[in-house]
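Everything on this sheet refers to the single structure shown next.
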Amino acid sequence: DEDIEETKPVSSIDSEDIILDKRISESHLDKKYTFDSFVVGNNAVAQATSLAVADAPGEVHNPLFIYGGVGLGKTHLMQSIGNFVLKADPKAKVLYTTTESFTNEVIDLLGRQKKNQDEIIEFRNKYRNVDVLLIDDIQFISGKERTQEEIFNIFNELFLKHKQIVFTSDRKPNEIEDIADRLTTRFQ
């Protein structure tokens with residue numbers, strides 16, 4: 001009588017969850033931010049609009065500009081869009097970043113003594129080859145001319161490809177000081 005160790009096959013559901021978790025992490029999202037965990041309160045319109053965007057990225061409300069005071073759920077809604085899209089479409093590419101991180105990447109790239117053309121192309125491809133781009137706290141591009149230029153170019157390319165762009169801000173687009181008019185127009 002031999003002892004045969006039984007092995008449990010990994011269920012496809014577990015495998016799908018692992019893959020989804022990896023994609024969420026690679027997108028720089030937090031998986032706890034979902035529409036189900038969002039407390040709607042006075043934000044019913046923002047929540048409904050965000051859900052419509054998540055359900056049909058690039059087709060409605062593009063770009064989506066979510067603004068409001070601190071602690072009202074802008075980041076939660078933005079990340080909920082990303083998580084929803086990743087779960088609904090296994091091929092979708094989503095990227096979340098903060099304006100501060102984006103600006104630091106631009107500064108790092110420009111600050112190098114020798115600008116390697118491959119690094120510039122890699123940076124641009126990172127942001128231009130996505131289906132959904134989520135940029136948090138866009139008000140921090142105020143006064144940052146080079147960052148504004150990169151965002152403007154990325155915005156134009158994604159918009160022309162009908163890819164979804166979502167920004168959050170603590171101010172309305174026309175209340176963000178020291179940004180190019182062409183960006184204010186696009187945000188609106």
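Computed from the coordinates by the stated procedures, all read-outs in this text should not be read as laboratory data. Since the model is a prediction, treat every value here as computed from it, not as a measurement. Positions of Cβ are generated from backbone atoms using ideal geometry, with glycine treated the same way; all protein chains shown enter the neighbour counts.
Charges at C-beta only: +1 for Lys and Arg, -1 for Asp and Glu. How large is the resulting dipole of the stretch 7-125 about its Cα centre, in Debye rounded to 20? Walk me through the intermediate numbers first.
On the way: 13 positive and 16 negative charges, 26 e Å.
So the magnitude is around 120 debye.
Charge dipole of the stretch 125-188 (Cα centre as origin; +1 on each Lys and Arg Cβ, -1 on each Asp and Glu Cβ, all else neutral): 320 debye, rounded to the nearest 20.
Helices assigned as whole DSSP H runs in the chain whose Cα atoms extend at least 20 Å along their own long axis and whose mean Kyte-Doolittle hydropathy is 0.5 or higher are not found.
A protection proxy built from the mean count of other Cβ atoms within 10 Å ranks the segments 130-142, 161-173, most packed first, as 130-142, 161-173. Shown here: Kirkwood radius over Cα pairs in Å, derived from the displayed model; of the candidates (i) 17.8; (ii) 18.3; (iii) 17.0, it corresponds to (i).
How do 17-23, 73-79 rank on mean C-beta neighbours within 10 Å, highest first?
So the order, starting with the most tightly packed, is 73-79, 17-23.
With +1 on each Lys and Arg Cβ and -1 on each Asp and Glu Cβ, and nothing else charged, work out how big the dipole of the stretch 44-188 is about its Cα centre, in Debye to the nearest 20. Walk me through the numbers before you get to the answer.
Numbers: 18 positive and 21 negative charges, 66 e Å.
Around 320 debye, computed over the stretch 44-188.
Take 146-153, 32-39 and order them by the average number of nearby Cβ atoms within 10 Å per residue, most first; the result is 146-153, 32-39.
Within a Cβ distance under 11 Å of Val132, other residues only, what is the Lys/Arg minus Asp/Glu net charge?
Working: positive: Lys93, Lys163; negative: Asp89, Asp131.
Every neighbour counted, the sum reads 0.
Output the pairs from Lys31/Lys172; Lys31/Lys161; Lys87/Lys163 with a Cα-Cα distance over 22 Å in this structure; if there are none, say none. Pairs exceeding 22 Å: Lys31/Lys172; Lys31/Lys161. Dipole of the chain (Lys/Arg Cβ +1, Asp/Glu Cβ -1, origin at the Cα centre): which of Thr98, Ile120, His76 lies farthest to the positive side? Of the candidates, Ile120 comes out farthest on the positive side. Every helix of 4 or more DSSP H residues in the chain counts as -39500 (n - 2.57), and over all residues that averages to -15000 deg cm²/dmol at 222 nm. Label zone (Glu177, point 7 Å along Cα-to-C-beta; backbone nitrogen cut-off 11 Å) within the stretch 124-149: 143.
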